[in-house]
Amino acid sequence: FQYARGKRPRESNSKSPAVSVNNIGFYGTRSFLPTTQFDNRIQFVDGVSIIKGNHNIKIGGEFSDIYTEQLFGFNQFGAYSFSSSGDSALQELGLTAGATTDRRFDNSGTRYTQQIGNLQAGFRIRELAFYAQDAWRISPRLTLNFGVRVEKQYNPEAQTGNTTVIDLVKNASFPLLGGKRYDPTIIPDSPWQFGPRLGFAWDTSGDGKSVIRGYGGLYYARTPLILLAGPVNNYRIPPGDVTVQLPFSVPASLVLTTFLAANPNYVNILQATGANCTTTPSSCTPNTVFRQFALLGINANSAGLGSLPSLSAAQVQQIAGILGLGVTPGLGANLFSVSEDYENPTAVQFGFGYEKEVKNGLVLGADYSFVKTTHLQRNRDINLPVPTPDVNGRPIFNRNNRPIPSLGRVVLREDSAKSVYQSLTLKTRLVRKWANLSMFYTLSRSKSDDDNERNATGIFYENSFDLRPEYGLARLDRVHQFVASPVFFLPKGFEVSSAIKLRSGVPFDATIGSDVNADSNNNDRPFSAIGVPFQRNDFRNRGEYTVDLRVQKGISFGENRRLVFSGEFFNLFNAANVQYGGAQTNYCGSAFRTSSCGLTGSNNTSFRQIRANGELITSGNFSRTPVFQMQLGARFQF
């Protein structure tokens, strides 16, 4: 029996809106802070071992009750983002000195998101599992392991109460679901998960110096609780973690002249910045962040960059009411729910290996592994209309025609993603009085169609209606990896050890850098031909190489006292290991981030480049390893 309780407070360094400009930088409060969380776990485990003849049988089970409670919500102080990047986004953020016609955020691509929930979430899951296995020593040279694990995850129920929003989702016809409807209040339990396993070890020569091993089985992963928090608390009143995005879509029923006459303060702000709402009413349509702030009498131009407006949940709902969208909590929000047939990730794994001691103290070996995983979790926005191709064959989404226009994203957590991993590892181990040496080389390939492991909000596909280009190299794929761990025992009590890692680069996604298909996700990729997007992760980053070193000298005093001096050197050769990032992964330059990006080749001079005009490109660049570091130590043992 075990009882455990954990607390995790995470405060923010500031309480101000987050501002993110693609390829330039970020400032303000991180979108997920502050948050406080605790969890309780009660666990019962029982196991029985039976040794009978050549059998070692184990039978057991376990039960866990896990309760978690948190105060958490994205964008608690608001967040500003831009569909454009670089200079264009900075112009939307800034103001021209002395100009009276500038309007900060008066652009259809500028967005403001705001938390409207009470941040509260509290729920529990229960897990039940049984297992049985047998290690059967068939002969002194052959051992067979076989068994089965049966488990089930009991998930929480959604907290309900917001019948207006629930009915909107229940009664909608979503093209992405083939016109079918679904119930957002259902969070299914996992089915009973049966995982058979089989393994063997065979001493081929009978002298204990060579062995063939093999294994295979079916394995399941649990669904992390963070993925259930939104579906649990999004559909109650008040919601827990629900983000609303401005600008709201202007309803087609809005009569502009009547609206302007009813909102004189709004008209005054716009006319003070150059608009003429009397002569050209269409120039005063409330369809941007600047203009929807102005509905509350807030002039975004009057705030400094360090004190940009941060709305309350009540003010967001007030804007919705002025536009005639109603004030029901959740209208205009981004909501999360779970697919009604959701299952936990399932992996089919098998592998085999061979090891042989070719000489005294020298062992050579090779291992092969294969893992195919299905039912991987994917976040998918289903509140989108069928897209219409433009002249370049790029699907364009008109979000005014969403199945539920009064809502933002309706994100469904699906189990539709998959991955395949294969690897071949060659290894050697040398044991001598003067050294221990282990070396491993791995040749591998990892492919997937979504690299989301536990992301609560991220969307990684380009086009929600066509996931075929998503299947490609996984972002963790490394073709070559070499690791060595030598230890040398030198005279006079000196020891020298090292950790050597040589790894080829991971893939990266070439993107446009703007939301050109208007689905509210900035994941759009260049086209290699009309209507043909680049494959996901079609380019590869730079390799990484690090060498660490440790030198140790021990001095003994008597039989039980010892003084040890040590020096440790990290990244001994000060390898920079700079990786492509930010502007270096955008295929087209800032002036060419349009639907046709890629059809005439790359015109971004920074794409896959470390330097420009002889200078290091710092925007988006990052290093995976620290600069050279050294630490000296002394330890007295007694």
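Values as computed for the structure displayed
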quantity: Some residue of the stretch 596-606 being buried (at least 17 other Cβ atoms within 10 Å of the Cβ), part of a strand (DSSP E or B), on the phi < 0 side of the Ramachandran plot and not hydrophobic (A, V, I, L, M, F, W, C); calculated: no
quantity: Some residue of the stretch 514-533 being farther than 30 Å from Phe460 by Cβ, in contact (Cβ under 8 Å) with a residue 40 or more places away in the chain and open to solvent by 40 Å² or more (accessible area, probe 1.4 Å); calculated: no
quantity: Number of the exception - Ser253 against (1) at pLDDT 85 or above; (2) farther than 30 Å from Asn118 by Cα; calculated: (1)
quantity: Residues of the stretch 219-268 that turn out to be out of contact with any Pro (no Cβ under 6 Å at 6 or more places or on another chain) and closer than 30 Å to Thr143 by Cα, as a count; calculated: 2
quantity: Among residues of the stretch 39-91, those that are polar (S, T, N, Q), without any contact (Cβ under 8 Å) to a residue 24 or more places away in the chain and not in a strand (DSSP E or B), counted; calculated: 1
quantity: Complete set of residues in the stretch 548-564 that are out of contact with any Leu (no Cβ under 6 Å at 6 or more places or on another chain) and either closer than 20 Å to Ala499 by Cβ or of a type in the set (S, T, N, Q) (or both); calculated: Asp548, Arg550, Val551, Gln552, Lys553, Ser556, Asn560, Val564
quantity: Positions within the stretch 465-507 being under 31 Å from the mean Cα position of the chain (by Cα) and hydroxyl-bearing (Ser, Thr, Tyr), in sequence order; calculated: Tyr471, Ser504
quantity: Selection from the stretch 362-396 of residues that are surrounded by fewer than 16 Cβ atoms within 10 Å (Cβ to Cβ) and either of a type outside the set (A, V, I, L, M) or touching a His at 6+ places or on another chain (Cβ under 9 Å) (or both); calculated: Tyr368, Phe370, Lys372, Thr374, Thr388, Pro389, Asp390, Gly393
quantity: Evaluation of Arg126 against (1) among the charged types (D, E, K, R); (2) surrounded by fewer than 15 Cβ atoms within 10 Å (Cβ to Cβ); (3) within 30 Å of Ser190 (Cβ to Cβ) (one fails), failing number; calculated: (2)
quantity: Tally of residues being within 23 Å of Ser84 (Cα to Cα) and touching a Lys or Arg at 6+ places or on another chain (Cβ under 7 Å) across the stretch 19-45; calculated: 1
quantity: Filtered residue count, the stretch 524-552, keeping only those that are small (Gly, Ala, Ser) and either within 16 Å of Leu476 (Cβ to Cβ) or outside any strand (DSSP E or B) (or both); calculated: 2
quantity: Residue in the stretch 397-417 that is more than 30 Å from Gly216 (Cβ to Cβ), open to solvent by 30 Å² or more (accessible area, probe 1.4 Å) and of a type in the set (A, V, I, L, M) present; calculated: no
quantity: Hits in the stretch 313-348 (condition: part of a loop (DSSP other than H, G, I, E, B) and modelled with pLDDT of 90 or more); calculated: Ser339, Glu340, Asp341, Tyr342, Glu343, Asn344, Pro345
quantity: Among the residues listed as Val148, Val165, Val169, the single one being closer than 30 Å to Asp46 by Cα and either of a type outside the set (Phe, Trp, Tyr) or touching a strand residue (DSSP E or B) at 6+ places or on another chain (Cβ under 8 Å) (or both); calculated: Val148
quantity: Per-region count, the stretch 452-478, residues open to solvent by 30 Å² or more (accessible area, probe 1.4 Å) and either part of a loop (DSSP other than H, G, I, E, B) or within 22 Å of Asn577 (Cβ to Cβ) (or both); calculated: 12
quantity: Within the stretch 4-15, tally of residues that are in contact (Cβ under 8 Å) with a residue 24 or more places away in the chain and open to solvent by 30 Å² or more (accessible area, probe 1.4 Å); calculated: 7
quantity: Strands (runs of 3 or more DSSP E) lying entirely in the stretch 138-257 (those with 3 or more residues that are within 26 Å of the chain's Cα centre (by Cα), crowded, with 17+ Cβ neighbours inside 10 Å and not charged (D, E, K, R)); calculated: 243-246
quantity: Within the stretch 258-282, considering residues that are touching a residue at least 12 places away in the same chain (Cβ under 8 Å) and either assigned to a strand (DSSP E or B) or among the hydroxyl-bearing types (Ser, Thr, Tyr) (or both), the one most open to solvent (accessible area, probe 1.4 Å); calculated: Ser282
quantity: Candidate set from the stretch 576-589 (those that are surrounded by fewer than 21 Cβ atoms within 10 Å (Cβ to Cβ) and in contact (Cβ under 8 Å) with a residue 40 or more places away in the chain); member that is farthest from Asp538 (Cα to Cα); calculated: Ala576
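For (1) at positive phi; (2) touching a strand residue (DSSP E or B) at 6+ places or on another chain (Cβ under 9 Å); (3) buried (at least 17 other Cβ atoms within 10 Å of the Cβ); (4) not aromatic (Phe, Trp, Tyr), each residue gets a yes or a no:
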| residue | (1), (2), (3), (4) |
| --- | --- |
| Glu544 | no, yes, yes, yes |
| Leu549 | no, yes, yes, yes |
| Leu563 | no, yes, no, yes |
| Asn574 | yes, no, no, yes |
| Phe592 | no, no, yes, no |
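The values are calculated or read from the model by the stated rules, or taken from the named source; none is laboratory data. Since the structure is predicted, the reported quantities are computational estimates derived from the model, not experimental observations. Backbone-built Cβ (ideal geometry, glycine too); neighbour counts: all protein chains shown. We work out accessible area using only protein heavy atoms, side chains counted, and drop any ligands, DNA or RNA first. Shrake-Rupley method; radii C 1.70, N 1.55, O 1.52, S 1.80 Å.
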